[in-house]
Amino acid sequence: MAKKDTKGITVKKSDNFSEWYTQVIQKADLADYTSVSGCIAYKPGSYEIWEKIKNVTDVKFKQIGIKNCYFPIFIPESLLQKEADHIEHFSPEVAWVTHAGDTKLGERLAIRPTSETIMYESYSKWIRSHNDLPLRLNQWNNVVRWEFKHATPFLRSREFLWNEGHTCFATQKEAEAEQKDILAIYDTVCRDLLALPSLIGRKSEKEKFAGALYTDSLEFVMPNGKAIQGPDFHHDGQNFAKVFDITFTDKNGKKEYVWQNTFAITTRMIGVLIGIHGDDKGLVLPPSLASTQVVIVPILFDDSRAKVLKEVENVKKKLEKKGFSVYVDDREGYSPGWKFNEWEVKGIPLRIEIGPKDVANKKVMVARRDTGEKKAVSTSTVEKEVDTLLQNMQKSMLQKAETILKTSIVEVKTMKEAEKQIQNKKIVFAPWCSTKECEEQFKDKTGAKSLNSPFKQPSISGKCFACKEKATTWFYFGKSY
């Protein structure tokens, strides 16, 4: 007996984004809650997405000379306390190991919130001469930040996965030159793989990474009007080098401190992907990212079963020969409609239906996940048609996301305009004085914070939108996760 169709997603994305997001995660089989508050289990559906992000990014890192390594998850408290700004920022979020069995440890061990301190102790031993530079290492790992804000799977959790790039150079010029390469890698991964455009720019002094001279970020805008920070790059100058005595002898025999950068992309991007691309039917996966690009659903009857399955296998082989990832859903006990619904919820880019009439007509029915468009395609050209559809879908998803981003931003010149647009769930772009006091007052009044400032600035003149002092930069502001 065939199983009844499920209801799928029961709430509209535009009506209740939070509930919609929760349902998509659960019904698309991406993650599960655990008995550890704020920590989730990554199911294969989400971990495959992360593996693709990780693998593509990793290849690009290696192409520019960055190598992988791994450091302990435990960091002695004495190391963590070496950099004052660093520990002050992370202290409320650090989880500590205090005992081994019943034995109290002589020194508390932090569970890695980030790895600067444990890595730079080693860097100070490894780097001696200018010949040891540049040192460009990265590690793929997990970190724990015991946040007390409302946990949201992928977007804000107490444990998450990421890359940690930690590089050292002989000069500031060399270190800062790396910024362009790293931001380009992250932007390419987000745009070409995830079909996600972003606002790229420099964070404010208040919002920069603790211990950095400056932080550059990719900021994304969710459909509920909230911004969320994606990959970032921090130029740390010589701050950590001086604390951890990371020095080298230059070509003239002079002792110098290294110049350092750090950078990361995290599993938060899975949540951004879900929120921006998903629709009322569930998840929508960009073809370049999907581990399964095409699902074939046979329409089976006893008298034509063998012929249909033979044609299914023929189509599958043709598509796989061209490099497409294909799954055949020939499970017993499930109606075709139930299967259609399941694969729509899971966001598989293309669905191919093959029944006895299709076999007789030498055609298959192809449905595109993002638009719902269905068309009959000849089996003789199915691989070419699938290739075209997947390419068009990837482009279309990026274009749609770019439109969403563009229409989410409103330029303002006054506090009154800014307050109105923040209430309208918009990101405001405004001339700003760049002072911490003004930034904090605006956040207290509206709940919105500074995001970043584009590298390519419009001409700036006149007064700050918020405090009427002289404006020095154009900046994005918005409510955020």
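Looking at A401, is it within 16 Å of S198 (Cα to Cα) and surrounded by 14 or more Cβ atoms within 10 Å (Cβ to Cβ)? Yes; evaluated as a whole, the condition is true for this residue. The requirement of being modelled with pLDDT of 95 or more, acidic (D, E) and surrounded by fewer than 16 Cβ atoms within 10 Å (Cβ to Cβ) is satisfied by D280. In the set L196, L213, L218, only one residue is of a type in the set (A, V, I, L, M, F, W, C), surrounded by 23 or more Cβ atoms within 10 Å (Cβ to Cβ) and more than 12 Å from L183 (Cα to Cα); that residue is L196. Condition first: under 30 Å from L273 (Cα atoms), out of contact with any Lys or Arg (no Cβ under 8 Å at 6 or more places or on another chain) and not charged (D, E, K, R). Can you find one or more residues in segment 112-120 that meet it? Checked segment 112-120: at least one residue is under 30 Å from L273 (Cα atoms), out of contact with any Lys or Arg (no Cβ under 8 Å at 6 or more places or on another chain) and not charged (D, E, K, R). Being at pLDDT 95 or above, under 21 Å from I66 (Cα atoms), touching a strand residue (DSSP E or B) at 6+ places or on another chain (Cβ under 9 Å) and not in a loop (DSSP other than H, G, I, E, B), is that true of even one residue in segment 144-157? No, that holds for no residue.
In this entry, I296 is excluded by the filter for residues that are on the phi < 0 side of the Ramachandran plot and under 23 Å from the mean Cα position of the chain (by Cα). In segment 408-422, the residues that are touching a residue at least 40 places away in the same chain (Cβ under 8 Å) form Cβ pairs under 8 Å with partners that are assigned to a helix (DSSP H, G or I) and of a type in the set (S, T, Y), at six or more places apart or across chains, as follows: A418/T446; I422/T446. Quick check on E207: is it part of a helix (DSSP H, G or I) and surrounded by fewer than 22 Cβ atoms within 10 Å (Cβ to Cβ)? Considered against the rule, which asks whether it is part of a helix (DSSP H, G or I) and surrounded by fewer than 22 Cβ atoms within 10 Å (Cβ to Cβ), E207 comes out as no. Checking T407, T473, T446, T403 one by one, the residue that is touching a Ser or Thr at 6+ places or on another chain (Cβ under 6 Å) and of a type in the set (V, I, T) is T473 and no other. Screening K425, K443, K416, K406 for residues that are modelled with pLDDT of 95 or more, surrounded by fewer than 20 Cβ atoms within 10 Å (Cβ to Cβ) and not in a helix (DSSP H, G or I) leaves exactly one candidate, K425. For F169, the conditions (1) exposed (fewer than 13 other Cβ atoms within 10 Å of the Cβ); (2) farther than 29 Å from I49 by Cβ all hold with the exception of (1).
Checked across segment 217-228, the condition of being at pLDDT 95 or above, outside any loop (DSSP other than H, G, I, E, B), more than 15 Å from the chain's Cα centre (by Cα) and not aromatic (F, W, Y) holds for no residue.
Give the number of residues within segment 360-376 that are over 19 Å from Q394 (Cβ atoms) and either buried (at least 20 other Cβ atoms within 10 Å of the Cβ) or among the polar types (S, T, N, Q) (or both). Number satisfying all stated conditions: 2. I'd like to know if segment 62-76 contains one or more residues that are surrounded by fewer than 19 Cβ atoms within 10 Å (Cβ to Cβ), in contact with a strand residue (DSSP E or B) (Cβ under 9 Å, 6 or more places away or on another chain) and more than 28 Å from S124 (Cα to Cα). There is no residue in segment 62-76 that is surrounded by fewer than 19 Cβ atoms within 10 Å (Cβ to Cβ), in contact with a strand residue (DSSP E or B) (Cβ under 9 Å, 6 or more places away or on another chain) and more than 28 Å from S124 (Cα to Cα).
Filter segment 318-339 for residues that are under 33 Å from the mean Cα position of the chain (by Cα), without any contact (Cβ under 8 Å) to a residue 60 or more places away in the chain and within 19 Å of K363 (Cα to Cα) and give the result. E320, V326, Y327, V328, D329, listed by residue number.
Conditions tested, residue by residue: (1) buried (at least 17 other Cβ atoms within 10 Å of the Cβ); (2) closer than 24 Å to P72 by Cα; (3) not aliphatic (A, V, I, L, M).
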residue: K104; (1), (2), (3): no, yes, yes
residue: T114; (1), (2), (3): yes, yes, yes
residue: M119; (1), (2), (3): yes, yes, no
residue: K125; (1), (2), (3): no, yes, yes
residue: P134; (1), (2), (3): yes, yes, yes
residue: N142; (1), (2), (3): no, yes, yes
residue: E159; (1), (2), (3): yes, yes, yes
residue: A177; (1), (2), (3): no, no, no
residue: L183; (1), (2), (3): yes, no, no
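Looking only at segment 238-257, residues that are touching a Ser or Thr at 6+ places or on another chain (Cβ under 8 Å), in a loop (DSSP other than H, G, I, E, B) and under 19 Å from A210 (Cβ atoms) come to 1 in all.
Every condition in (1) within 22 Å of D232 (Cα to Cα); (2) surrounded by 17 or more Cβ atoms within 10 Å (Cβ to Cβ); (3) under 25 Å from the mean Cα position of the chain (by Cα) holds for K456 except the one numbered (2).
Here's the yes/no breakdown for (1) part of a helix (DSSP H, G or I); (2) under 24 Å from S46 (Cα atoms); (3) among the aliphatic types (A, V, I, L, M); (4) at pLDDT 95 or above:
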{"position": "P286", "(1), (2), (3), (4)": "no, yes, no, yes"}
{"position": "V295", "(1), (2), (3), (4)": "no, yes, yes, yes"}
{"position": "L309", "(1), (2), (3), (4)": "yes, no, yes, yes"}
{"position": "V312", "(1), (2), (3), (4)": "yes, no, yes, yes"}
{"position": "K317", "(1), (2), (3), (4)": "yes, no, no, yes"}
{"position": "E332", "(1), (2), (3), (4)": "no, no, no, no"}
{"position": "A367", "(1), (2), (3), (4)": "no, yes, yes, yes"}
{"position": "G372", "(1), (2), (3), (4)": "no, yes, no, yes"}
{"position": "E385", "(1), (2), (3), (4)": "yes, no, no, yes"}
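From the list G347, G282, G355, G278, the lone residue that is small (G, A, S) and more than 22 Å from K13 (Cα to Cα) is G355.
The values are calculated or read from the model by the stated rules, or taken from the named source; none is laboratory data. Just so it is clear, the model here is predicted, and its values are computed rather than measured. Here the Cβ is made from the backbone with ideal geometry for all residues, glycine too, and neighbour counts use every protein chain on show.
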